[in-house]
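Colleague: Before we start, here is the structure in question, set down as C-alpha cells.
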Amino acid sequence: MNTHIDHPDVVLIGSGVMSANLGALLRRLDPALRIQVYEAADELAYESSNGWNNAGTGHAGICELSYTPKREPDGTVKVQKLIDIFQEFEQSLQFWAHAVSSGMIDAPKEFINPVQHISFVKGAEEVEFLRDRHAGMAAHHFFAPMEFSTDRAKIGAWAPLLTEGRDPAEPIAATKMDDGTDVNFGVVSRKLLGWLAQQEGCGVAAGHKVVGLRRSDGDVGRGLRTPPSWDVTARELKTGAERTVRAKFVFVGAGGGSLRLLQLAGLPEAKGLGGFPIGGHWLVCDDPAIVSKHAAKVYGQNLPEAPTMAVPHLDQRILDGKKTLLFGPFAAWTTRFLHRTGSWTDLPRSVRPHNLMTLLKIGATNLPLVRYLVQQGTQSMADRMKVMHIFYPNAQAKDWKLVDGGIRVQAIKKTDGEAGIVHFGTEVLTSADKSMSALLGASPGASVSVNIVMEVVKTSFPHLLEGAAGKARIQQLIPTYGDDMRLASNAAKFADLQKRARAALQLI
Ligand SMILES: Cc1cc2nc3c(=O)[nH]c(=O)nc-3n(C[C@H](O)[C@H](O)[C@H](O)COP(=O)(O)OP(=O)(O)OC[C@H]3O[C@@H](n4cnc5c(N)ncnc54)[C@H](O)[C@@H]3O)c2cc1C
C-alpha cells in the first residue's frame with residue numbers, strides 16, 4: 001500500500017537496491033529522519049534490481065575475469081581491484097546480516113544463497129594466465145581458500161557440465177571458491193523498503209513518477225539564508241494527480257531514469273552527460289536433470305569486442321523459489337532507458353545541445369562496440385549456442401529459451417578527452433552544495449550498493465558518521481566500516497566478522 005508523508009527531509013527517487021539500502025541505512029543512522037520514496041512502476045524494485053534483470057552474482061571479485069583483463073607489462077596479474085571489490089561486497093553482506101539479526105527483514109534464503117564461484121578458461125595461454133591470477137589472489141587472506149586446477153576430473157567434480165563432451169586434448173583450467181553467493185537484489189530491496197514503509201515519518205509510494213525537480217536556493221529571512229532544498233513533484237500515473245514536497249536532500253536512484261531527472265534538475269554537474277542503453281537477454285534452462293548438475297556461477301574470458309558487461313557466464317540462480325540455469329548475457333540494441341516504464345523515445349529525448357557531440361563521437365570512435373551490438377541483435381539461436389558450447393559442450397538448443405534480461409544505461413562523459421567514453425563502472429554524482437546525489441552506471445552495481453550509498457552518506461550527511469559516536473553508530477550496522485580489512489593485520493578480525501555475517505544470512 002502506498003504511503004505519503006509531508007515535509008520529508010529526504011526524497012529517494014526509485015525503489016531499486018540503491019535507494020532501498022540508502023533509505024534503510026539513513027533511517028538506522030538517524031531514526032528521526034523523515035524519508036519519502038517514489039517509484040514510477042506499479043511494483044517496487046522491478047527494474048534492474050529485479051532478479052531476472054541481472055545475473056544475481058554477489059560480485060566479490062572471486063570469479064569475474066573481466067576485472068583482471070590482462071597481464072601487466074611486467075608479466076604479473078594485478079589483483080588489487082579484486083581485493084577492493086571483495087571488501088566492498090562484504091559491507092553489503094554485513095548490513096543485510098544486521099538487517100536480519102535485528103529483525104528489520106526476515107528469511108534471508110529468499111534473497112541470498114551460497115554457490116561456488118568458478119573462473120573457467122581454455123587454451124594454453126589462458127591456462128597460464130589463470131594460474132598466475134590464482135597465485136596473486138590466493139596470497140591474500142580474502143582469497144586464501146581459492147583452489148586452482150587443470151585436472152579435468154577435478155573441474156568436472158566442481159561443475160560437470162564444463163567437462164562433459166569436451167575435447168580431451170584441449171587444455172583447460174579453473175579456479176573455485178565455495179564462498180560465492182547468488183543474490184536476488186529485487187527481493188532484498190523490497191524487504192528493506194517494506195521495513196522503511198513501516199517506520200513512523202516514512203512513506204513509500206509506487207506508481208508515482210517524479211516529473212519535476214526544482215531547486216529552491218533558500219529563503220532569506222531576518223538576514224539568514226536557509227539551506228537549499230528541492231521541490232519534488234511526483235505524478236500518480238493512474239490518475240494523473242500531482243503532489244509536490246520540499247526536501248533538503250534528494251537521491252536520484254532512478255537507474256535508467258537518472259539522466260532525465262538530472263537534466264530536469266538542471267545540475268551544472270550533469271552538463272555533457274549522455275546515456276547509452278544496452279539491452280540484455282538470457283538463455284534459461286529449467287530442466288531439473290540439467291539444473292541439478294550445475295551448482296555454480298562460472299565466468300569465462302571476455303569475447304572479442306564485447307563490453308565487459310557482456311562477459312558470458314553459466315549460472316545457477318534461485319529465482320521465484322526455484323533453481324534454474326541462466327546463460328548470457330547477450331547484448332541487444334535498444335533505445336529505451338527503462339524496461340517497465342520506458343519508451344523507445346528515451347534515447348532521442350535524452351539528447352541535448354551539450355551532449356550531442358559526445359554522443360556522436362561515441363558512435364564514431366566505438367565502432368567495434370556498435371558492430372558488436374548489431375551482431376548481437378541479429379544473431380540466431382545457433383550463434384548463441386556456439387557461445388554456450390565454450391562452457392557447456394553438450395548443451396542442446398531444445399533445453400534453453402531466450403528471455404529478456406533488463407537494460408543497462410551506461411554513462412557517457414565528455415570530460416574524458418575529446419572522444420567521450422562509455423563508462424562501465426558505477427559512479428556517484430553529487431551537486432556542489434551536496435543537496436542532491438545521483439547514481440550513474442551499472443557494474444559491479446548492486447553487489448557493492450551498500451559501499452556506494454555509504455559514499456552518499458559520507459558526503460551529504462557527514463555529521464552522522466562523525467567522532468567516536470558516529471563510528472560506533474555505523475559499526476553497529478556495518479562492523480568493518482572505516483577499518484581496512486585488506487590489511488594482513490586485520491585478517492583474524494575479518495575472518496570472525498565474516499563468519500558472523502554469513503551465519504546471520506544462513507550462508508553457512
Ligand atoms: C544484464 C545485467 C546483469 C547484471 N548483473 C549484475 C550482477 O550479477 N551483480 C550485480 O551486483 N549487479 C548486476 N547488474 C547491475 C545491477 O542490476 C544494478 O547495478 C542495480 O540493480 C542498480 O540498482 P538501482 O537501484 O540503481 O536501479 P534500478 O533497480 O533500475 O531502480 C531504479 C528505479 O527507479 C525507477 N524510476 C526511474 N525513473 C523514475 C522517476 N522519474 N520517478 C520515480 N521512479 C523512477 C525505476 O522504475 C526503477 O524501479 C546487472 C545489470 C544488468 C542490466
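The values are calculated or read from the model by the stated rules, or taken from the named source; none is laboratory data. Quick caveat: nothing in here was measured; it's all calculated off a predicted structure. FYI the Cβ positions are ideal-geometry reconstructions off the backbone, even for glycines, and counts take in every protein chain you see.
Colleague: Among what's in region 63-95 and is part of a loop (DSSP other than H, G, I, E, B) and within 14 Å of the ligand (Cβ to nearest atom), pick the residue that is farthest from ARG336 (Cα to Cα).
Modeller: Only one residue fits best here, namely CYS63.
Colleague: For region 155-203, which positions are touching an Asp or Glu at 6+ places or on another chain (Cβ under 8 Å) and part of a helix (DSSP H, G or I)?
Modeller: Correct list: GLY156, VAL187, LYS191.
Colleague: Checking the conditions here, which among ALA60, ALA45 is within 12 Å of the ligand (Cβ to nearest atom) and closer than 26 Å to ASN302 by Cβ?
Modeller: ALA60
Colleague: Something else about it: State whether one or more residues within region 456-479 are assigned to a helix (DSSP H, G or I), without any contact (Cβ under 8 Å) to a residue 60 or more places away in the chain, touching a strand residue (DSSP E or B) at 6+ places or on another chain (Cβ under 9 Å) and within 16 Å of the ligand (Cβ to nearest atom).
Modeller: No.
Colleague: Still on this model: Just for region 243-270: of the residues that are under 10 Å from GLY212 (Cα atoms) and part of a helix (DSSP H, G or I), which one is farthest from the ligand (Cβ to nearest atom)?
Modeller: ALA265
Colleague: Let me spell it out: the conditions are (1) buried (at least 16 other Cβ atoms within 10 Å of the Cβ); (2) within 26 Å of GLU64 (Cβ to Cβ); (3) not small (Gly, Ala, Ser), and LYS322 meets all of them except one. Which number is the exception?
Modeller: For LYS322, the failing item is (1).
Colleague: Does any residue of region 485-498 turn out to be more than 16 Å from PRO108 (Cβ to Cβ) and within 23 Å of the chain's Cα centre (by Cα)?
Modeller: Yes; the residues of region 485-498 include at least one that is more than 16 Å from PRO108 (Cβ to Cβ) and within 23 Å of the chain's Cα centre (by Cα).
Colleague: Also: What are the residue pairs meeting all of these: first residue in region 38-54, first residue in a helix (DSSP H, G or I), second residue more than 6 Å from the ligand (Cβ to nearest atom), Cβ atoms under 6 Å, and 6 or more apart or on different chains?
Modeller: GLY51/ASN184; GLY51/GLY186; GLY51/LEU319
Colleague: Ok, one more. Go through VAL37, VAL17, VAL10 for me and flag whichever is modelled with pLDDT of 95 or more, near the ligand (Cβ under 10 Å from one of its atoms) and out of contact with any Gly (no Cβ under 7 Å at 6 or more places or on another chain).
Modeller: VAL17 is the lone residue from the list that is modelled with pLDDT of 95 or more, near the ligand (Cβ under 10 Å from one of its atoms) and out of contact with any Gly (no Cβ under 7 Å at 6 or more places or on another chain).
Colleague: Does region 185-207 contain any residue that is away from the ligand (no atom under 16 Å from the Cβ) and without any contact (Cβ under 8 Å) to a residue 60 or more places away in the chain?
Modeller: yes
Colleague: Quick check on this structure: which one of LEU429, LEU402 is within 30 Å of ALA289 (Cβ to Cβ) and either away from the ligand (no atom under 12 Å from the Cβ) or modelled with pLDDT under 70 (or both)?
Modeller: Numbers: LEU429 fails: within 30 Å of ALA289 (Cβ to Cβ).
Criteria check complete, one pass: LEU402.
Colleague: Looking at THR76, is it of a type in the set (Val, Ile, Thr), surrounded by 21 or more Cβ atoms within 10 Å (Cβ to Cβ) and over 23 Å from VAL252 (Cα atoms)?
Modeller: no
Colleague: Moving to a separate point now. Could you say whether any residue in region 278-289 is at pLDDT 95 or above, surrounded by 18 or more Cβ atoms within 10 Å (Cβ to Cβ), in contact with an Asp or Glu (Cβ under 8 Å, 6 or more places away or on another chain) and not β-branched (Val, Ile, Thr)?
Modeller: yes
Colleague: I would also like to ask the following. State all residues of region 356-378 that are at pLDDT 70 or above and more than 18 Å from ILE407 (Cβ to Cβ); if no residue qualifies, say none.
Modeller: Once the filter is applied, which keeps residues that are at pLDDT 70 or above and more than 18 Å from ILE407 (Cβ to Cβ), region 356-378 yields LEU356, MET357, THR358, LEU360, LYS361, ARG371, GLN375, THR378.
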